[in-house]
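Here the structure is laid out as structure tokens; the discussion comes afterwards.
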Amino acid sequence: MDLYDDGNMILKEIQTLEGHTDRVWSLAWNPATATSPVFASCSGDKTVRIWEQTPSTRLWHCKAVLEETHTRTVRSCAWSPSGKLLATASFDATTSIWENISGDFECVSTLEGHENEVKSVSWNASGSFLATCSRDKTVWIWEVMPGNEFECASVLQGHTQDVKMVKWHPTMDVLFSCSYDNTVKVWAEDGTGDWHCVQTLGESNNGHSSTVWALSFNAEGDRMVTCSDDLTLKIWETDVGRMVLGDDHAPWNHLCTLSGYHDRTIFSVHWSREGIIASGAADDGLRFFLENKDGLVDGPSYKLLLKREKAHNMDINSVQWGPGETRLLASTSDDGKIKIWELATLT
């Protein structure tokens with residue numbers, strides 16, 4: 001990790017992808033295609049686009065457009081761990097499940113139940129559960145059954161406002177949700193099939209003072225970063241050893257707050273496998289952070305590694321690191337574009 005310490009990093013803009021005719025909300029890299037990368041993007045234009053890289057040119061092209069299924073904005077998309085299924089969440093109150101059948105994507109299931117806009121969708125590590133959340137203030141957990149059937153295992157009520165994002169822990173069946181009510185909630189199953197909120201991270205325990213838009217975990221799963229309308233990023237820590245032993249209630253504690261780096265709402269944050277945090281915001285900028293290993297006197301802290309002003313012409317809605325060995329990052333924006341970046345070392 002020493003290579004970052006002398007500030008010798010550069011952010012290269014690899015390609016700008018156009019095709020969506022409205023704002024691009026979200027994107028998801030297929031976890032099973034690291035050698036020949038593929039990702040999905042979703043938009044206010046009611047479509048999902050599948051993009052893949054041509055190995056010879058290393059440039060990206062749109063391989064498929066998934067359309068005429070959702071009737072309103074597609075807000076979120078997520079691949080199953082195997083990379084075979086793609087879930088898409090829409091403002092039309094449904095979540096669609098797509099399967100790649102010999103190169104063609106077919107909608108094989110539609111999940112209904114939310115009263116209004118579905119904002120986010122997430123698969124657990126094993127692919128046995130899917131979670132969705134909505135403006136109706138609920139979080140739904142769906143059990144993945146044989147034959148592309150999905151059964152509602154639980155409807156989680158506890159948030160008092162629109163739920164912006166759901167995300168499963170990278171190794172445990174513990175679910176996290178963040179909301180317009182300024183909190184992050186941690187949900188776990190009690191052994192009898194019932195799911196409960198085991199912790200709420202709010203302003204009273206060093207949490208955010210405004211809408212929490214997104215969260216992401218480090219590779220080890222013992223730290224989490226959250227981003228908010230309060231213009232801060234917060235780092236949280238847990239004892240993952242206790243979690244491994246089956247203690248779902250191992251609490252998350254506030255570690256530090258990163259403030260002063262964005263001057264408008266921070267909509268997206270993603271932690272890379274090698275420990276670099278990327279953030280994207282309504283100030284149209286990207287920021288990159290790394291743990292500061294120098295002075296541990298005051299406990300762990302994070303430093304700004306790199307920043308890119310005006311990465312897009314409008315709000316940045318999503319930043320996502322690619323799954324391969326290269327440091328590829330994709331960003332989506334209200335400007336209707338997707339940009340592919342590489343974080344490179346100056347030699």
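Table for the structure above
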{"item": "Residues being part of a loop (DSSP other than H, G, I, E, B) and crowded, with 19+ Cβ neighbours inside 10 Å - total across region 182-196", "result": "2"}
{"item": "Near pairs, Cβ below 6 angstrom, 6+ apart or cross-chain, from region 66-77 (more than 9 Å from V48 (Cβ to Cβ)) to any residue that is open to solvent by 10 Å² or more (accessible area, probe 1.4 Å) and charged (D, E, K, R)", "result": "T71/D92; R72/D92; R75/K119"}
{"item": "Which listed residue, of E68, E115, is open to solvent by 50 Å² or more (accessible area, probe 1.4 Å) and at pLDDT 95 or above", "result": "E115"}
{"item": "Residue in region 54-61 that is surrounded by 15 or more Cβ atoms within 10 Å (Cβ to Cβ) and more than 21 Å from the chain's Cα centre (by Cα) present", "result": "yes"}
{"item": "Search result, residues across region 246-274 that are within 25 Å of T326 (Cβ to Cβ) and at pLDDT below 95", "result": "R273, E274"}
{"item": "Cβ-Cβ under 9 Å pairs, at least 6 apart or on other chains, region 326-347 side without any contact (Cβ under 8 Å) to a residue 40 or more places away in the chain, far side open to solvent by 10 Å² or more (accessible area, probe 1.4 Å) and of a type in the set (S, T, N, Q)", "result": "T347/N8"}
{"item": "In region 87-104, the residues that are open to solvent by 20 Å² or more (accessible area, probe 1.4 Å) and either modelled with pLDDT under 95 or closer than 19 Å to W213 by Cβ (or both)", "result": "F91, N100, I101, S102, G103, D104"}
{"item": "Selection count, region 1-11, where residues are open to solvent by 70 Å² or more (accessible area, probe 1.4 Å) and either at pLDDT 95 or above or in a loop (DSSP other than H, G, I, E, B) (or both)", "result": "3"}
{"item": "Residue in region 28-37 that is at pLDDT 95 or above, surrounded by 18 or more Cβ atoms within 10 Å (Cβ to Cβ) and either charged (D, E, K, R) or not in a loop (DSSP other than H, G, I, E, B) (or both) present", "result": "yes"}
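Yes/no matrix, rows are residues, columns are (1) touching a strand residue (DSSP E or B) at 6+ places or on another chain (Cβ under 7 Å); (2) farther than 24 Å from A219 by Cβ:
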position: G158; (1), (2): yes, yes
position: P170; (1), (2): yes, no
position: S179; (1), (2): yes, yes
position: V184; (1), (2): yes, no
position: W195; (1), (2): yes, yes
position: E203; (1), (2): no, yes
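Results for (1) more than 16 Å from the chain's Cα centre (by Cα); (2) within 23 Å of F39 (Cβ to Cβ), shown as yes or no for each residue.
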position: W252; (1), (2): yes, no
position: T257; (1), (2): yes, no
position: S268; (1), (2): no, yes
position: D283; (1), (2): yes, no
position: L286; (1), (2): no, yes
position: L304; (1), (2): yes, no
position: I316; (1), (2): no, yes
position: E325; (1), (2): yes, yes
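The values are calculated or read from the model by the stated rules, or taken from the named source; none is laboratory data. Remember, predicted model here, so these are calculated numbers, not experimental data. In this analysis, Cβ positions are derived from the backbone assuming ideal geometry, glycine residues included, and neighbour counts consider all displayed protein chains. Calculation scope for accessible area: heavy atoms of the full protein, side chains included, ligands and nucleic acids excluded. Shrake-Rupley method; radii C 1.70, N 1.55, O 1.52, S 1.80 Å.
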